[in-house]
Amino acid sequence: MDPAWKNLSSDKKQESKSEFLSVLKSQREKIHPSTYSLVGTRGDVDFLLWTLTESLETLQELHSQLMKTVMGRFLMTPYSYLATIRPSEYFGKTRDPERVGSKYLFVYPFTKKREWYGLPFEERTRIMRDHVQVGHKYSSVTIHTSYSFGLDDYEFILSFETDHPEDFLNLVIELRTSEASRYTAVETPIFTCISVSPENMLDLLGP
């Protein structure tokens, strides 16, 4: 949010919030948004929208409508990640876990080193099986893997839902020592997000 928004009168700010929320709610059935605040958890992001849709045009329409609101003129998009859900290359699962609506969401882009794809497929499968087993030890964390290569700048977008941030922390600390981590090229920036209602997401920006 551009700090200049805070200089608007209280009435103007409230009107801008209502307009923004109205647009967001009008697209609810098409994009299934989840709303999160990053106020206090990251200095360069104030809130996050996690949206799911089957159409790029629907996503484009949402962003266009939000930018045309009064509040939209004060908003910047410092980060935007586009990815798709597909079966695992190694395990062939047919669907990603449903969003569970946990209190916290941890998100980061991920890219592997090119050397990874030089390994035989069977070897990669073995390494990934061991990697996934670590994740299974932390049942309070729901892991979402979406595929970004060819659509955006990264290979994957990883999202972790949990009510226990310490479990996520312990999970990634343990994964850091796994064999698969040797082939990690990029796994930042990391976003620590707190689930809030759309109204609270905007109220946390200021009165």
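Figures for the structure shown
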quantity	calculated
Matching residues in region 38-65 - criterion: being of a type in the set (Asp, Glu), over 16 Å from the mean Cα position of the chain (by Cα) and surrounded by fewer than 13 Cβ atoms within 10 Å (Cβ to Cβ)	54, 57
Scope region 1-23; condition over 24 Å from residue 108 (Cα atoms), touching a residue at least 40 places away in the same chain (Cβ under 8 Å) and buried (at least 16 other Cβ atoms within 10 Å of the Cβ); matching residues	5, 13, 16, 17, 19, 20, 21, 23
Looking only at region 186-207, and only at residues there that are under 26 Å from residue 114 (Cβ atoms) and part of a loop (DSSP other than H, G, I, E, B), the one that is least open to solvent (accessible area, probe 1.4 Å)	189
Residue ID - modelled with the highest pLDDT, chosen from residues in region 90-102 that are among the charged types (D, E, K, R) and surrounded by fewer than 15 Cβ atoms within 10 Å (Cβ to Cβ)	98
Any hit, region 149-167, residues being assigned to a loop (DSSP other than H, G, I, E, B) and over 30 Å from residue 41 (Cβ atoms)	yes
Region 69-79, subset open to solvent by 60 Å² or more (accessible area, probe 1.4 Å) and in contact (Cβ under 8 Å) with a residue 40 or more places away in the chain, residue nearest to residue 153 (Cα to Cα)	79
Options 117, 138, 147: the member that is within 19 Å of residue 79 (Cα to Cα) and at pLDDT 95 or above	147
Options 169, 82, 105; residue that is under 20 Å from residue 38 (Cα atoms), of a type outside the set (Lys, Arg) and surrounded by 15 or more Cβ atoms within 10 Å (Cβ to Cβ)	105
Qualifying residues in region 154-166 (those that are farther than 19 Å from residue 39 by Cα and among the acidic types (Asp, Glu)) - the one least open to solvent (accessible area, probe 1.4 Å)	155
Region 172-185: number of residues that are part of a strand (DSSP E or B) and open to solvent by 50 Å² or more (accessible area, probe 1.4 Å)	1
Whichever residue in region 3-48 is in contact with a strand residue (DSSP E or B) (Cβ under 7 Å, 6 or more places away or on another chain) and among the small types (Gly, Ala, Ser) and, among such residues, is farthest from residue 161 (Cα to Cα)	37
Any hit, region 112-133, residues being open to solvent by less than 80 Å² (accessible area, probe 1.4 Å) and under 17 Å from the mean Cα position of the chain (by Cα)	no
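The values are calculated or read from the model by the stated rules, or taken from the named source; none is laboratory data. Keep in mind that this is a model prediction, so the values were computed, not measured. As a convention, Cβ positions derive from the backbone with ideal geometry for all residues, glycine included, and neighbour counts pool all protein chains shown. Accessible surface areas use protein heavy atoms only, side chains included; no ligands, DNA or RNA. Shrake-Rupley method; radii C 1.70, N 1.55, O 1.52, S 1.80 Å.
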